[in-house]
Amino acid sequence: MNLAYLLPRLARHFIPDDLARVLLRRGLLIQPGLETRQPREAADRYLQALQPAGIALTGKRVMVFGYGGNFALGCLLLRLGATHVVLCDKFAAPDDGRNAALLPEFADYLALQRGRVVPSTPALSLLHGDIRQVQMEEVDIVLSSSVYEHLDDVEGITRSLARLTAPGGVHLHYIDLRDHYFKYPFEMLTFSEHIWRKWLNPSSNLNRWRLPDYQRVFDAHFEQLEIRILADDLPALEKTRQRIRPEFLCGDPQVDAATLIRVLAKNPRHG
């Protein structure tokens, strides 16, 4: 029994959501995503993936799915040529502290209104509802980073995002397949669904999906799909393999050891 893993996991499971959000905002114990920590790095990473595929931001409507409350990435994408950016997050409210620090640099996109930072241009909009229930103008590009592994309805949300994507549109998603207690990247795969859900799953939810699961879902909703493995951990996989439940293994060591993947999906199926 790995108490060094189990005790923190139990604690993380039972931390109230409000406290977890405070810790996340302050970067204590729970680290925010790349869009929040390093928005310029996030923008550069998206560009470096889109440009070789012949996809430009110029003139496009872009959605950042799971933006984390920080407006910086949206402002940067507008500066890079997007005509409209939708910042979407069902759970994270705007982070007034971080966004206030953006005002000097992004005064053309943001303003202080009644003590809160808000978009000052129609080109930047916020969406904090359930994407499965949204009716809105289609977007050309959907971007996300370290969001998909937290979804509790991957199929339904992917279907909805594809529905909201214009014909010929593109999705680019970076998905972290690790147990987010990063010291033990595959430990979460050793538990039954019942034990994981009842005792160990963090309040931020880790769905434990693997690369073949994502391939199946994106194949169903897009005509073209490329999934690239960006990082793997074969030593950790071999150390844990005998305890990993069979439903999480496909038999290909490269696929089973994947810890970070990039999904590039084109041409949504609207039928």
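The values are calculated or read from the model by the stated rules, or taken from the named source; none is laboratory data. Only a predicted model underlies this, so the values are computations on that prediction, with no experimental measurement involved. Note that each Cβ is placed from the backbone with ideal geometry, even for glycine, and that neighbours are counted across all protein chains shown.
A few notes on this one:
- Residues being β-branched (Val, Ile, Thr), closer than 30 Å to Ala166 by Cβ and modelled with pLDDT of 95 or more are entirely absent from region 34-44.
- Within region 66-95, being of a type in the set (A, V, I, L, M, F, W, C), out of contact with any helix residue (DSSP H, G or I) (no Cβ under 7 Å at 6 or more places or on another chain) and part of a strand (DSSP E or B) holds for one residue alone: Val86.
- Residue count, region 81-107 (criterion: surrounded by 17 or more Cβ atoms within 10 Å (Cβ to Cβ) and closer than 25 Å to Tyr148 by Cα): 12
- Whichever residue in region 198-225 is surrounded by 15 or more Cβ atoms within 10 Å (Cβ to Cβ) and of a type in the set (D, E, K, R) and, among such residues, is nearest to Pro16 (Cα to Cα): Arg208
- Asn267 vs. criteria more than 30 Å from Leu10 (Cα to Cα) and either of a type in the set (S, T, N, Q) or modelled with pLDDT of 95 or more (or both): yes
- Across region 128-182, the number of residues qualifying as among the hydroxyl-bearing types (Ser, Thr, Tyr) and under 17 Å from Ala42 (Cβ atoms) comes to 5.
- Count of region 126-165 residues, restricted to those that are crowded, with 16+ Cβ neighbours inside 10 Å and either of a type in the set (Lys, Arg) or on the phi < 0 side of the Ramachandran plot (or both), is 25.
- Exactly one residue out of Ala20, Ala56, Ala11 is modelled with pLDDT of 85 or more, assigned to a helix (DSSP H, G or I) and of a type in the set (A, V, I, L, M), and it is Ala11.
- Test: residue in region 181-194 that is in contact with a strand residue (DSSP E or B) (Cβ under 9 Å, 6 or more places away or on another chain) and in contact (Cβ under 8 Å) with a residue 40 or more places away in the chain: yes
- Qualifying positions in region 178-215 - among the basic types (Lys, Arg) and over 18 Å from the mean Cα position of the chain (by Cα): Lys183, Arg197, Lys198
- Condition met for Val255 (within 30 Å of Gly168 (Cα to Cα) and part of a strand (DSSP E or B)): no
- For Gln224, the conditions (1) touching a His at 6+ places or on another chain (Cβ under 6 Å); (2) among the polar types (S, T, N, Q); (3) under 25 Å from Ile55 (Cβ atoms) all hold with the exception of (1).
- Scanning region 103-141 for residues that are among the polar types (S, T, N, Q), out of contact with any helix residue (DSSP H, G or I) (no Cβ under 9 Å at 6 or more places or on another chain) and part of a loop (DSSP other than H, G, I, E, B) returns Ser120, Gln135.
- Of all residues making up region 84-104, the number that are more than 26 Å from Asp140 (Cβ to Cβ) and in contact (Cβ under 8 Å) with a residue 12 or more places away in the chain: 7
- Subset tally (residues that are assigned to a loop (DSSP other than H, G, I, E, B), at pLDDT 95 or above and hydrophobic (A, V, I, L, M, F, W, C)) for region 142-196: 6
- Here Gly115 passes the criteria (1) surrounded by fewer than 21 Cβ atoms within 10 Å (Cβ to Cβ); (2) within 16 Å of Val217 (Cβ to Cβ); (3) of a type outside the set (D, E, K, R) except the one numbered (2).
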